[in-house]
Each structure stands twice: as C-alpha cells, then as structure tokens.
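J.: Questions regarding the structure given below will be posed in turn.
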Amino acid sequence: MTTDVVDRLVGIQEGDALFALREQRPEAKRNAQASFDALLAAADGEHVSRVERLAIAYWAVALGRSAAASFYRDLLAAESPDIAAALDAALPGAVAAGPSGSFPEGPLTVEDVDGPHWSPSAELAAAVGGRLAAAFAHTHLLTYRPRDASADALQALLDAGWDTTGVVTLSQLVSFLSFQIRIVAGLTVLKGAL
C-alpha cells in the first residue's frame, strides 16, 4: 500500500488510473505529503504537541464534514482516547454551514453572512484544558468565519498559553487540512468517474 496519505484517504492503489494521474504531478503530490509530514508526523512538539496537532486535525476535518475525519480520529484516539471522546461529544453542536462573517466596510459588505459564533462548552474545556479549547475555537473561526479572523482572535490564543510559533503552526495546520479536504473530495469524485 502507498504511504502517501492522500492516496490512503481516497483509496488509491498503485496501478489505478488515478494513481497514474497523480504521478503526472509529482511535485504537487510530494509537497502535499511533505506538508502532512511536517505538520502531523514531525516529532518536534516544542510549540504544539503531537496530541494537540492530532486533536486540531480531527476537529478541523470533522468540522469540514470530510470522510477523512475517521482517519484523523483514529490517529487521535490512539494517542488520547479521552480527547477524541470529548470532541465527539462537542461536534454536533459545532458543525455548521459556512462560510460566514463580515467583510470590512466597503463593496463586499453586501456578501456579509451572519453565522455561528461557537465557543467550547465548559465540559469540553474541562476535558481538554483551556489552551486546546482556545485552539478549537480558533479552528472553528478559521473554518466557518475566516472573514472574522482578527488581532483579537489571535490574542485569545496568546492569552490561553499559545506562543507566536504555536499560533502560526496551528494556523498552518488548519489551512493545510482545508486544502487536503478539497483534494480528497475532488479525487474521490474523479475515482468514481474513472
């Protein structure tokens, strides 16, 4: 079986038509895997621990309603079944439609859409701690209301114990997962058509 995570998530095997198609873009395939390795498989946990990375990954992919959520849930559950269970309990109240939010005053304000302003429950915060709860709130913001990202949102992470490098890593992780969700969805459609 391939070690490429996108291939695994889509169910692509060497010899498949889709495998050959992906091989036509070796840099794109290699860079997607390198991003996964750097953000989720790296041993460096100085600013964002492995469990935090896996928890944020599961949360982001589940919020995105991706079939890949079970992959990330399994990775998280192997490291912290308690956090996985706490997120399972919180997800029904967090999944929403999007994107929403408000643009700065100007011509785009006609596209403003009111959306959910989710905050972790006391139960979730107690189960995962304030630092990770703040990361889940920020992930929800970036997933559903990216227009509303602000200095205040970043300050909430700093106030919860994240340092600047950790905030950047968290944001890169959410961004990468948004990309991966779309790649997996697109390739899954192609797989069904080939």
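J.: Taking 0.36 nm per residue of separation and subtracting the Cα-Cα distance, what length does fully extending Phe179 through Asp16 add? Working shown, then result.
T.: Values: separation 163, 0.36 × 163 = 58.68 nm, distance 2.29 nm.
Between Phe179 and Asp16, full extension yields 56.4 nm more.
J.: Further question on the same structure: Quick check: the distance between the Cα centres of the stretch 1-32 and the stretch 49-78, to the nearest angstrom?
T.: Cα centroid to Cα centroid, the span is 21 Å.
J.: For the stretch 128-151, list residues with backbone N below 18 Å from a point placed 7 Å from the Cα of Glu111 toward its Cβ?
T.: Flagged as within label range: 142-150.
J.: Take Asp152, project a point 7 Å from its Cα along the Cβ direction, then tell me which residues of the stretch 125-144 have their backbone nitrogen under 15 Å from it.
T.: Of the residues in the stretch 125-144, 138, 141 have backbone N under 15 Å from the label point off Asp152.
J.: Moving on to the next point. Using 7 Å Cα-to-Cβ label points, what is the Ala28/Val51 separation (nm, one decimal)?
T.: So the label points at Ala28 and Val51 sit 3.8 nm apart.
J.: A further question on this structure: Using the Kyte-Doolittle scale, which helices in the chain average at least 0.0 and also have C-alpha atoms spread 27 Å or more along the helix axis, with helices defined as whole DSSP H runs? Don't skip to the answer; put the middle values down first.
T.: Working: long enough: 164-193 (44 Å, 1.21).
Result, helices passing both filters: 164-193.
J.: Next question. For the chain, what's the relative contact order in percent, using C-alpha pairs closer than 8 Å and at least 6 residues apart?
T.: Numbers: 207 pairs, mean separation 51.1, N = 194.
Here the relative contact order equals 26 percent.
J.: Sum -39500 (n - 2.57) across every DSSP H segment of at least 4 residues in the chain, then divide by the residue count to get the 222 nm mean residue ellipticity, nearest 500.
T.: When only DSSP H runs of four or more count, the value is -20000 deg cm²/dmol.
Values in this text are rule-based calculations from the coordinates and carry no lab data. As the structure is a prediction and not an experimental result, all values here were calculated from the model. Positions of Cβ are generated from backbone atoms using ideal geometry, with glycine treated the same way; all protein chains shown enter the neighbour counts.
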